[in-house]
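**Student:** Before we start, here is the structure in question, set down as structure tokens.
The values are calculated or read from the model by the stated rules, or taken from the named source; none is laboratory data. Keep in mind it's a predicted model, so treat the numbers as computed, not measured. Ideal geometry is used to build each Cβ from the backbone, glycine not excepted, and the neighbour counts take in all protein chains shown. With ligands, DNA and RNA removed, areas are computed over all heavy atoms of the protein, side chains included. Shrake-Rupley method; radii C 1.70, N 1.55, O 1.52, S 1.80 Å.
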Amino acid sequence: MDPNDVSQPPHGAPPLVDGGEERLERRVVAYWYATDLLKSLVLAAILVIGVEFWRQSGNGPTWAPVVAWIAGGLLVLVALVVPPFAFANWRFTVDDRLLSLRFGILFLENRHVPVPRMQHVDLMRGPIERLFGLATLVVFTAGNEGSAFRVPGLSRVRAEALRDRILRARGRDVV
Amino acid sequence: MSSELPAVAAASPSEGAVLLRGHLHPAVLLLSLIGGLRSAAFPCLLGLVADRMFLILGGVLFLVQVGTGLVRYLTFHYVLTEDELRTREGVLHRQERRIPIDRIQDLGFESTILRRILGLTVVRVETASGQGVEAVLDSLGRGESENLREVLLRLRVRVARGVENAGVSPADGSFPPPPSAAPDPEWTIYRASPGMLLLRGLTDLRIGAVLVAAFGAYEVADRLGVLTQIRGVGATFYDWLRGFPIMLAAGMLLGLVFGVLALSVAFAAVGNLMAFHGFHLSLRADSLLCRFGLLTTRQKTLPRQRVQRVRVEQTWLRRLLGVAVARADSAGSGRGTGEEAPGGFDVVIPLAELAGIEALLPAVLPGLEQSSTQVSRASRMLVWRVFLRSCMDIAVLIAVLLPFAHEAAWFGLLLVPFAWLLGRLYWQGLAYGLWQHHVYLRWGVLGSYQVLLPTAKVQAVALMRGPLQRLLGLSELRIFVAGGPPTRIPDLAKAEAEALLAALSARATIAAADEWNERRVGFHPGPA
């Protein structure tokens, strides 16, 4: 068996349809909750506690804590609501010529990145991402603004397969 | 220039043969000496007047500047081989840079008045790295830098020809001999007339910016209560003015206002005349050459196939007069939206009649002459989107003003017709076209801005749809190129936008694949 053959992924995973529409791993929702929700909770807590202390020292208007509670609550609410929707709307397709991404909740985006235009392909795995066994694929095109395109929430095996396949399709040396 | 040619011809065919090598010009030392004196002058003055400690500070500043200049002069070293430009500098922190020849996007020469007196030129090497200038050789002798550019240009042409003719990659060492001893002929594309440059200065809207800023300053002064003091000064001035007959006083006031205006216009005009003095755009062996400047002279070469995007811009004043500015973005030259390249390095035509610029464009963007120039209009729903968006803004404005201005805030409703007008103008200004080798886009409410970008340079394409756009069935198309921010075509009908997205990404993929084939095996499919 050709070790570079991506159509036969290791670990007995089912073969993936090439060029077909794919979704992210379902556990990315849990990952987003673990990171974004935690971040929002900490931020909201800091906001509320800070304003409470500020009020205790006799400063600020009486409605300040109310505003802080509402703002903190909204922050947490958004972090609670967003991940399932983000997951539900994420789709991507890869073949030898094109990487296309579709995502977004309020603002829908559809991006097409020609594979031969990719400058380099990165695999990012943060510490919490690693706990969940997830990886983010980042492809860069030439240019400075908006030249990085990322696909989050891939299983490590799939991400590596995608990277290898893109690199193979792109050829060895492109400017 | 023929004296330099043996250096190229004599280069051994082995890979990476050294063509040129050199150091900085010794006069750089004088430059750092002057720089040191300049930075030490102020502390020394302070030292003489106030505290002796400042003298020490001045001395340290002077020594540091001269020292770094000396170290840089002694250690800086560049080598041009057949496939790369290497620079090296530094003692403790040694830095070596290697820039492959075919990645060099743009070569810029700049020399300030001081450097010109000393016969020096700063060479700026731009690549597609996104930082713009990759290496700065500050400074070389004028002859040396000309020579460097000559050899570079020749190398680039040779790489291109080697691929096309022989079908062998130049790295194999089978370079064809230089085609002729004489340098390639130079074709003048455009030469700026002093009148046009003057007009450029006169229509520089920074005058408008000055007026706006003055108005803003007045507002701020009003808020801070400084105005009463200004009024006090004004009252004295008024009393003084009252001493004159009324006609004379009015005349003096008018004269003052006009004087300030004329001064700012004159500043803009002189600035433009000096910056773009003797602007000359020419074409040589498929590279664009620009030369301009009175005190600080600038030169740049931009290979035509590296042009990522050409912009033809008319601010409202220039649109009234039917004149426009043309700029070319190369990869890596990208700056944020609305920012100008420092020193006007991206200007291709400082100012000319719009028809004239349109006639010249094929010289900058090859392939444009044979393509159709058909444009399509955006969806009419765009008028609604702009109108609704503006109405939302007006609603917010009224809501914010209501606690302060009470009933008067409802006068904000008078803005609603203008929101519709804005939508209409926006729709009228917007047009786009997918031509044979280029994407065309025109937009603008008062001014008119046109963008042309080769489809082969497209890096990525994206569609965006916000909530309001989804409601109206609209989509925004974003085209990413290697230079500058993405080009946006707002508010296309959804089906049209999706067709464009597919067409553009397909073309970009094919172009990229062709480019890649060309590089690897010398396979050249020819223009599609």
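**Student:** For the range B:494-505, which residues satisfy the criterion of being buried (at least 19 other Cβ atoms within 10 Å of the Cβ) and either more than 10 Å from chain A (Cβ to nearest Cβ) or assigned to a strand (DSSP E or B) (or both)?
**Tutor:** If the condition is that a residue be buried (at least 19 other Cβ atoms within 10 Å of the Cβ) and either more than 10 Å from chain A (Cβ to nearest Cβ) or assigned to a strand (DSSP E or B) (or both), then B:Leu500 is the only one that fits.
**Student:** For the range B:38-58, which residues satisfy the criterion of being in contact with a helix residue (DSSP H, G or I) (Cβ under 7 Å, 6 or more places away or on another chain), within 26 Å of B:Arg115 (Cβ to Cβ) and either surrounded by fewer than 17 Cβ atoms within 10 Å (Cβ to Cβ) or touching a residue at least 40 places away in the same chain (Cβ under 8 Å) (or both)?
**Tutor:** Within the range B:38-58, B:Ser39 is the sole residue that qualifies.
**Student:** Within the range B:67-82, which residues are touching a helix residue (DSSP H, G or I) at 6+ places or on another chain (Cβ under 8 Å) and surrounded by fewer than 18 Cβ atoms within 10 Å (Cβ to Cβ)?
**Tutor:** B:Thr68, B:Leu70, B:Arg72
**Student:** Out of the range B:261-295, which residues are open to solvent by less than 40 Å² (accessible area, probe 1.4 Å) and part of a loop (DSSP other than H, G, I, E, B)?
**Tutor:** B:Phe276, B:Phe279, B:Ala285, B:Gly293, listed by residue number.
**Student:** Of the conditions (1) more than 10 Å from every other protein chain (Cβ to nearest Cβ); (2) closer than 29 Å to B:Leu320 by Cβ; (3) open to solvent by less than 10 Å² (accessible area, probe 1.4 Å), B:Tyr449 satisfies every one except a single condition; which number is it?
**Tutor:** (3)
**Student:** Given the criteria away from chain B (no Cβ under 14 Å) and either aromatic (Phe, Trp, Tyr) or touching a residue at least 24 places away in the same chain (Cβ under 8 Å) (or both), does A:Gly126 qualify?
**Tutor:** The answer is no for A:Gly126.
**Student:** What tally of residues in the range B:397-412 results from selecting those that are of a type in the set (A, V, I, L, M, F, W, C), within 29 Å of B:Leu472 (Cα to Cα) and open to solvent by less than 90 Å² (accessible area, probe 1.4 Å)?
**Tutor:** 4
**Student:** Of the numbered conditions (1) over 15 Å from the mean Cα position of the chain (by Cα); (2) open to solvent by 50 Å² or more (accessible area, probe 1.4 Å); (3) under 27 Å from A:Tyr33 (Cβ atoms), A:Val157 fails exactly one; give the number of that condition.
**Tutor:** (2)
**Student:** Just to check your reading of the model, which residue among A:Val81, A:Val115, A:Val121, A:Val138 is aliphatic (A, V, I, L, M), in the same structural domain as A:Leu37 (by TED's automatic domain parsing) and closer than 29 Å to B:Glu476 by Cβ?
**Tutor:** A:Val81
**Student:** Tell me which residues, restricted to the range B:472-493, are among the hydrophobic types (A, V, I, L, M, F, W, C) and at the interface with chain A (Cβ under 9 Å from one of its Cβ atoms).
**Tutor:** Within the range B:472-493, B:Phe480, B:Val481, B:Ala482 qualify.
**Student:** Can you confirm whether B:Ser372 is away from chain A (no Cβ under 14 Å), touching a Phe, Trp or Tyr at 6+ places or on another chain (Cβ under 8 Å), open to solvent by 20 Å² or more (accessible area, probe 1.4 Å) and closer than 29 Å to A:Leu99 by Cβ?
**Tutor:** no
**Student:** Here is a follow-up. Tell me, please, whether a residue that is more than 14 Å from every other protein chain (Cβ to nearest Cβ) and open to solvent by 30 Å² or more (accessible area, probe 1.4 Å) can be found in the range B:452-471.
**Tutor:** The answer is no, given that none of the residues of the range B:452-471 is more than 14 Å from every other protein chain (Cβ to nearest Cβ) and open to solvent by 30 Å² or more (accessible area, probe 1.4 Å).
**Student:** Can you tell me which residue within the range B:36-80, out of those that are among the basic types (Lys, Arg) and more than 23 Å from B:Leu92 (Cβ to Cβ), is modelled with the highest pLDDT?
**Tutor:** B:Arg38
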